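> Got a structure for you, questions after.
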Amino acid sequence: GTQLLRDWGFDIFYMDRESFDFIEDVPTALPATGPFHAAQLTGAIRKYRALTVELSRRLANNWAFTTSYAWSRFEGNFDLDFLGSGAVFNTSSAIQDSPGIFVEDRYRYGRLAQDRPHVFKIFASYAPPQLHNLTLGGYLRAQSGGAWAARGIDWDNGVRRYLEQAGSRRNETWTNFDMLATYRVPIGSRAKVALEGRVLNLFGNLTTL
């Protein structure tokens, strides 16, 4: 982080994370009705890279401000973030249980469902000098929609076989804006009661996640 002037700060963050050779339960025979045993999947991989820049202003002269932009890429063929398939957890998922959900299958490698390459945020607060007990705040977030691809029935009767490259499609970009107003009512000389009002999703955007 770097201090800019007296009240401003600038930060840059970078993350590069790669996971591979996962240990997963696999069936001893097909169909995958058991028994299962643990195996190391040498072809399984997940990669995440992200760069974030942030500009912030500390509270001074009754207002504060923070804005950030993050670029990221999340890709691989070990997709524990199945959509609509219920809870899954490491070492006991459907991955590698049958043709169509092998990490080596065609189209398997690509952008994973939680990949959102662009995320922009603004936080701001303001305390009107004429109203010492009032604070106003707002939060804006705009980000890419999640990645997805057409899927078909796999050998184990799940809808998990990719019909095209993983992550080749994307939901629409979505934006959310929230507002907050807080008024503190003094109670005696040492206490205050806070009255708070919030408006969430001000523009009423209905977004496919």
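> Looking at the stretch 188-209, is at least one residue open to solvent by 30 Å² or more (accessible area, probe 1.4 Å), acidic (Asp, Glu), under 18 Å from the mean Cα position of the chain (by Cα) and more than 30 Å from Phe36 (Cβ to Cβ)?
no
> Does the stretch 109-116 contain any residue that is over 25 Å from Asn176 (Cβ atoms), at pLDDT 90 or above and either crowded, with 19+ Cβ neighbours inside 10 Å or not hydroxyl-bearing (Ser, Thr, Tyr) (or both)?
The answer is yes, given that some residue of the stretch 109-116 is over 25 Å from Asn176 (Cβ atoms), at pLDDT 90 or above and either crowded, with 19+ Cβ neighbours inside 10 Å or not hydroxyl-bearing (Ser, Thr, Tyr) (or both).
> Which of the residues that make up the stretch 16-39 are loosely packed, with under 12 Cβ neighbours inside 10 Å, without any contact (Cβ under 8 Å) to a residue 40 or more places away in the chain and under 30 Å from the mean Cα position of the chain (by Cα)?
Matches in the stretch 16-39: Asp16, Arg17, Glu18, Asp21.
> Still on this model: Answer with yes or no whether Ser56 is in a loop (DSSP other than H, G, I, E, B), more than 18 Å from the chain's Cα centre (by Cα) and either crowded, with 16+ Cβ neighbours inside 10 Å or at pLDDT below 95 (or both).
Numbers: in a loop (DSSP other than H, G, I, E, B): no; more than 18 Å from the chain's Cα centre (by Cα): yes; either crowded, with 16+ Cβ neighbours inside 10 Å or at pLDDT below 95 (or both): yes.
No.
> Taking Leu136 and the conditions (1) at pLDDT 95 or above; (2) open to solvent by 40 Å² or more (accessible area, probe 1.4 Å); (3) closer than 30 Å to Ser72 by Cα, which numbered condition does it fall short on, given that it satisfies the others?
(3) is the only condition that Leu136 fails.
> Same structure again: What number of residues within the stretch 117-154 satisfy the criterion of being within 30 Å of Asp178 (Cα to Cα), not in a strand (DSSP E or B) and not aliphatic (A, V, I, L, M)?
Looking only at that region, the number is 9.
> Still on this structure, I have one more. Looking at (1) open to solvent by less than 90 Å² (accessible area, probe 1.4 Å); (2) under 17 Å from the mean Cα position of the chain (by Cα), which is the one condition that is false for Glu164?
With respect to (1) open to solvent by less than 90 Å² (accessible area, probe 1.4 Å); (2) under 17 Å from the mean Cα position of the chain (by Cα), Glu164 is out only on (2).
> Among the listed residues Ala124, Ala181, which satisfies the condition of being free of Cβ contacts under 8 Å to residues at least 60 places away in the same chain and small (Gly, Ala, Ser)?
Ala181
> Considering the stretch 150-169 alone, what residues qualify as being in contact with a Ser or Thr (Cβ under 7 Å, 6 or more places away or on another chain) and modelled with pLDDT of 95 or more?
none
> What is the residue count in the stretch 40-64 for residues that are free of Cβ contacts under 8 Å to residues at least 60 places away in the same chain and either closer than 30 Å to Pro128 by Cβ or among the acidic types (Asp, Glu) (or both)?
7
> Across the stretch 13-58, what is the number of residues that are on the phi > 0 side of the Ramachandran plot and hydroxyl-bearing (Ser, Thr, Tyr)?
0
> Check whether at least one residue in the stretch 64-72 is in a loop (DSSP other than H, G, I, E, B) and either modelled with pLDDT of 90 or more or on the phi < 0 side of the Ramachandran plot (or both), and report yes or no. Write out each step before concluding.
The first filter runs over the stretch 64-72 and keeps only residues in a loop (DSSP other than H, G, I, E, B), leaving none.
No: the stretch 64-72 contains no residue that is in a loop (DSSP other than H, G, I, E, B) and either modelled with pLDDT of 90 or more or on the phi < 0 side of the Ramachandran plot (or both).
> Can you go through Asp21, Asp25, Asp81 and tell me which one is modelled with pLDDT of 90 or more, closer than 30 Å to Tyr162 by Cβ and not aliphatic (A, V, I, L, M)?
Asp21
The values are calculated or read from the model by the stated rules, or taken from the named source; none is laboratory data. Every value quoted in this text rests on a predicted model; they were computed, and no experiment measured them. FYI the Cβ positions are ideal-geometry reconstructions off the backbone, even for glycines, and counts take in every protein chain you see. Heads up: the accessible areas ignore ligands, DNA and RNA and are worked out on the full protein's heavy atoms, side chains in. Shrake-Rupley method; radii C 1.70, N 1.55, O 1.52, S 1.80 Å.
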